[in-house]
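Beneath this line is the structure, given in structure tokens, with notes to follow.
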Amino acid sequence: MTLPAPQQHGAVRLWSLPTGPLQENTLLVAGAGNQGFLIDPGDDAAQILELVKQSGITVQAILLTHAHFDHIGAVQPVREALRVPVYLHPADAPLYAAAASSAARWNLPFVQPDAPEHQISQGQVFTAGDLTLIARELPGHAPGHVVFVSEGFVIAGDTLFAGSIGRTDLPGGNHPQLIEGIQRELLPLPAATAVYPGHGPATTTGREQQTNPFLR
């Protein structure tokens, strides 16, 4: 496997690996001390574990932006291999529990993961060495969706994309709530803040504020 090149934000490195048939972006993020977090391991567990191995990062935990099946399909094999806990906002527990049946509606194979060990709450701080991520609640695509904000970048899950926003026509979706959350939590960040979405290429808050048709 060819290791994706990491993006640099000061001493922080971030790898983005598209996984599964929906090309969900699994993210590995770490600071200078090679301590970090794995976010949204969606599918292709073997590739994710190889990325972790080649990067040399010691993963402290799996953090989930939300619980749609394409974001949690590799949770169980990865957590077992790395022996790390899983964190999820409690409002997404029903989606998490129903993930296998959701994947079945798309005729996609899926391994239902065991329940998360820990909950995520608004403003919760996750640290690994010199890396700090702050969880911010941003529902609308999913009831318990969170984003993870750090210095110079945000891990946005399925809230804000390059030129688009997350779907709100799925169970638990709420379009006005999503727009309000993006305006509250993401757009006030510096314009150069990198946005790493759950699908597709990275963008910046400034670019989306100026050009995203859903935000104008």
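The values are calculated or read from the model by the stated rules, or taken from the named source; none is laboratory data. If you're wondering where the values come from, they're calculated on a predicted model, not measured in any experiment. Cβ placement follows ideal geometry from the backbone for every residue including glycine, while neighbour counts extend to all protein chains displayed. Ligands, DNA and RNA are stripped out before the accessible areas are found, and what is left, the full protein with its side chains, is counted by its heavy atoms. Shrake-Rupley method; radii C 1.70, N 1.55, O 1.52, S 1.80 Å.
Things to note:
- Once the 1.4 Å probe is applied to the protein heavy atoms, the chain comes out at 42 Å² accessible per residue.
- Portion, in percent, of the accessible area of the chain that falls on carbon or sulfur, probe 1.4 Å: 53 percent
- Excluding the site residues themselves, the longest part of the chain lacking any chymotrypsin sites (Phe, Trp or Tyr not before Pro) in a DSSP loop with at most 16 other Cβ atoms within 10 Å is 107-213.
- Here the Karplus relation 6.51 cos²θ - 1.76 cosθ + 1.60, evaluated at θ = phi - 60°, turns the backbone of segment 46-55 into coupling constants of 4, 5, 4, 5, 5, 4, 4, 5, 5, 6 Hz, with x for every Gly and Pro.
- 3J(HN,Hα) along segment 190-202: x, 4, 7, 4, 6, 10, 9, x, x, 8, x, x, 6 Hz, from the Karplus curve 6.51 cos²θ - 1.76 cosθ + 1.60 with θ = phi - 60°, whole Hz, x for Gly and Pro.
- Reported to the nearest whole Å, the Cα centre-to-centre distance from segment 104-118 to segment 132-169 is 21.
- Most fluctuating residue given options ALA142, ALA93, ALA32, as computed from a GNM of the chain linking Cα atoms under 10 Å: ALA32
- Cβ-derived FRET efficiency at R0 41 Å, ASN34 paired with ALA100, nearest 0.05: 0.75
- Highest mobility in the GNM of the chain, judged by mean-square fluctuation with C-alpha springs under 10 Å and restricted to ARG105, ARG79, ARG136, is found for ARG105.
- Once backbone amide H atoms are built at 1.01 Å from N, ILE165 has no partners under 5 Å, excluding neighbours fewer than 5 places away on the same chain.
- Where only DSSP H runs of four or more residues are counted, the chain gives -5500 deg cm²/dmol as its mean residue ellipticity at 222 nm, each run worth -39500 (n - 2.57).
- Local net charge near GLY144, Cβ-Cβ under 9 Å (Lys/Arg +1, Asp/Glu -1): -2
- Here the 3J(HN,Hα) profile of segment 144-156, calculated from phi with Karplus coefficients 6.51, -1.76 and 1.60 at θ = phi - 60°, is x, 5, 10, 10, 10, 9, 9, 6, x, 7, 9, 8, 9 Hz, Gly and Pro shown as x.
- Charge tally in the Cβ shell below 12 Å around ALA67, where Lys, Arg are +1 and Asp, Glu are -1, ALA67 excluded: -4
- Label point of LEU215 set 7 angstrom out along Cα-Cβ; within segment 160-190, amide nitrogens under 13 Å from it belong to 160-166, 179-190.
- Rounded to the nearest 20, the Cβ-based charge dipole of segment 165-216 about its Cα centre (Lys and Arg +1, Asp and Glu -1) stands at 100 debye.
- Per-pair calculated FRET efficiency, R0 = 35 Å: THR58 and ALA191 via Cβ, rounded to 0.05: 0.55
- Take every DSSP beta bridge whose two residues both sit in the chain; close to 70 percent of them are antiparallel.
- Once backbone amide H atoms are built at 1.01 Å from N, GLN60 has GLY36, PHE37, LEU38 as its partners under 5 Å, excluding neighbours fewer than 5 places away on the same chain.
- When only Cα pairs below 8 angstrom with a gap of at least 6 residues are kept, the chain shows a relative contact order of 15 percent.
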